[in-house]
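One structure below.
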Amino acid sequence: MLEKDFNVAIIGSGPGGYVAAIRASQLGLNVVVIEKAEIGGVCLNWGCIPTKALLRSAEVYELVKRSQDFGIETSGQTLNIDNVVARSRKVAAKLSSGVKFLLAKNKVQIIKGTGSLLSNTEIIIQKDNGEKQEISAQNIVIATGAKPREISNLAVDGRVIWDYRHALRPKVIPKKLIIVGSGAIGIEFASFYNSMGSDVTVLEMQDRILPTEDKDVSSFARKSFEQRGISFFVDSCFEVVKQEKSMISLSIETKGKKEKISAHTVLVAAGIVGNWEGLGLEKIGINTRAGMIVTNDFCKTNVENIFAIGDITSPPWLAHKASHEGVMVAEIIAGQGNVRPLKTEHIPGCTYSNPQIASVGLTEDKALEFGYEIKIGSFPFLANGKALAMGEDEGFIKTIFDKNTGELLGAHMVGSEVTELIATFLVGKQLETTSEELIKTIFPHPTMSEMLHESVLSSEDKVIHL
């Protein structure tokens with residue numbers, strides 16, 4: 001029989017919630033997870049995982065189309081979008097099943113339903129069958145994630161106007177697609193649909209795409225995407241001119257100039273807002289700001305015993321941040337000593353487009369803004385033997401160091417598999433490495449990781465292969 005009183009109750013089973021639950025259980029706490037939808041949350045079922053499965057299919061399709069570059073003759077390539085989508089759903093389902101297994105293995109109880117706070121120790125749960133259940137917990141963790149930000153003049157209908165859920169399950173590939181927003185989500189879908197044959201246009205209000213990335217990466221990525229046929233409007237705003245059952249027309253204004261464009265579909269990828277409606281936050285006085293729950297460095301809200309983690313809180317809104325917050329909160333609740341807050345400058349950002357983008361730490365502009373004297377290193381994929389052998393010679397690695405101390409301040413990269421390569425610099429940031437230590441590190445040959453080494457060498461005017 002399900003227990004009523006718990007050490008920890010977690011609302012939401014995404015990468016923050018389920019990780020917090022497992023870690024809390026490992027530490028001997030009695031844990032319950034409340035989930036109204038799929039176990040694993042949006043990231044696993046409707047975000048990170050299925051999008052990466054789609055992008056992998058696009059990558060394979062692009063590789064097959066240029067197989068002659070590798071001495072392989074192929075013919076009659078056929079794209080089956082139903083099978084592409086089915087594979088992505090299968091991957092997501094497999095991982096969701098895996099999370100259920102892990103929760104069961106760690107003796108975490110699960111209640112299916114929508115949780116709402118009655119107090120700082122009580123939750124009422126509305127189940128799908130209409131029943132209600134009240135439970136109590138000494139500590140409550142809110143991990144309800146976020147949903148797409150709505151745009152007033154673009155009401156999502158699933159037909160002409162999509163959000164990410166519709167983009168993950170297309171029945172047909174739109175001939176023309178407009179994407180509003182050039183952050184990671186917008187760019188990943190732009191890359192996927194461009195590979196699938198759509199004529200893609202991306203709209204961005206700020207003055208460049210991928211506005212949180214280093215300016216050199218942003219500029220390089222835009223040129224690369226444009227060479228693939230993706231069009232961009234930056235520093236722009238728009239209004240809907242006409243919307244029909246299978247077509248929409250927008251008027252785009254950029255620096256005083258207007259242009260009309262039409263498409264079969266518009267994908268809204270203009271950010272997220274927290275899922276806090278119906279949680280009862282106002283009832284017990286939890287502070288919110290701009291659609292997000294306000295927390296301190298240890299994910300504590302202003303109400304005793306209540307924590308909030310992941311996309312319901314402050315940016316960056318990333319699954320790996322949520323997971324680490326989940327572990328931190330579980331250890332705080334369990335009374336573990338020496339628990340340290342996350343350092344946002346150590347949190348990597350990854351965009352799994354073609355080419356990929358990855359970064360950690362300060363951009364060049366931010367480093368200068370903060371008053372650092374800096375040394376910058378850079379190394380192109382074109383000069384790396386492994387990249388040439390793989391037929392992936394597009395991209396570069398950029399590193400930023402404190403001129404006075406040699407501290408690694410930031411690393412920014414664009415190109416094949418940079419979302420894997422970034423891990424070396426993540427460890428370096430955590431260990432407070434210097435350019436001298438990285439230079440003395442022996443990297444294996446031939447590998448793409450040698451470019452990391454050469455970029456650091458470049459910052460000290462010691463580059464070898466350029």
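Computed from the coordinates by the stated procedures, all read-outs in this text should not be read as laboratory data. As the structure is a computational prediction, the values presented were derived from the model and not from experiment. Positions of Cβ are backbone-derived with ideal geometry, glycine not excepted, and every protein chain shown enters the neighbour counts.
Fewest Cβ neighbours within 10 Å first, please rank 453, 465 accordingly.
Placing the least packed residue first, the sequence is 465, 453.
Sort 198, 75, 182, 449 so that the residue with the fewest other Cβ atoms within 10 Å of its own Cβ comes first and the one with the most comes last.
Going from sparsest to densest Cβ surroundings: 75, 449, 198, 182.
Is the chain rounded, prolate or oblate when judged by the Cα gyration tensor, a ≥ b ≥ c being the square roots of its eigenvalues, rounded requiring a/c under 1.5 and prolate requiring a/b larger than b/c?
oblate
If you take every residue apart from residue 164 with its C-beta less than 12 Å away from the C-beta of residue 164, what net charge results, scoring Lys and Arg +1 and Asp and Glu -1?
Taking every Cβ under 12 Å from that of residue 164, the sum is +2.
When ranked by the protection proxy of mean other Cβ atoms within 10 Å per residue, highest first, what sequence do the peptides 406-417, 50-61, 147-158 form?
Peptide ranking by packing, descending: 406-417, 50-61, 147-158.
What is the range 161-270 by shape, rounded, prolate or oblate, if you read a ≥ b ≥ c off the alpha carbon gyration tensor as root eigenvalues and call it rounded for a/c under 1.5, prolate for a/b larger than b/c, and oblate otherwise?
oblate
Can you list the residues, at least 5 places off or on another chain, whose amide H is less than 5 Å from the amide H of residue 149, using H built in the peptide plane?
Distant-sequence amide H within range of residue 149: 270, 271, 272, 273.
Residue by residue, what Karplus-based ³J(HN,Hα) values in Hz, rounded to whole numbers, does the range 329-346 have, using 6.51, -1.76 and 1.60 with θ = phi - 60° and x for Gly and Pro?
Those phi angles translate into 5, 4, 6, 5, 4, 7, x, 5, x, 6, 7, 10, x, 6, 9, 4, 6, 9 Hz.
Normalised by the residues of the chain, what does the relative contact order come to in percent, with Cα pairs under 8 Å and at least six apart?
15 percent
Quickly work out the residue 244-to-residue 5 label distance, labels modelled 7 Å from Cα along the C-beta direction, and quote it in nm with one decimal.
Between residue 5 and residue 244, the simple spin-label model gives 6.7 nm.
Please compute the contact order of the range 355-459 in relative form: average sequence separation of alpha-carbon pairs under 8 Å and at least six residues apart, divided by the residue count, as a percent.
This gives 34 percent for the range 355-459.
Arrange the peptides 38-45, 12-19 so that the one whose residues have, on average, the most other Cβ atoms within 10 Å appears first.
For the peptides 38-45, 12-19, the packing ranking is 12-19, 38-45.
Go through 366/386; 107/127; 283/343; 52/215; 52/175 and tell me which ones have a Cα-Cα distance over 27 Å in this structure.
As for pairs spanning more than 27 Å Cα to Cα, those are 366/386; 283/343.
Can you work out the PRE-style zone for residue 290? Point 7 Å along Cα to Cβ, and I want the residues of the range 108-149 with backbone N under 15 Å.
149
Counting other C-beta atoms within 10 Å, which of 460, 282 has the fewest, and how do the rest follow?
Ranking 460, 282 by Cβ neighbours within 10 Å, fewest first, gives 282, 460.
How would you order 227-237, 62-72, 375-385 from highest to lowest mean count of nearby Cβ atoms within 10 Å?
375-385, 227-237, 62-72
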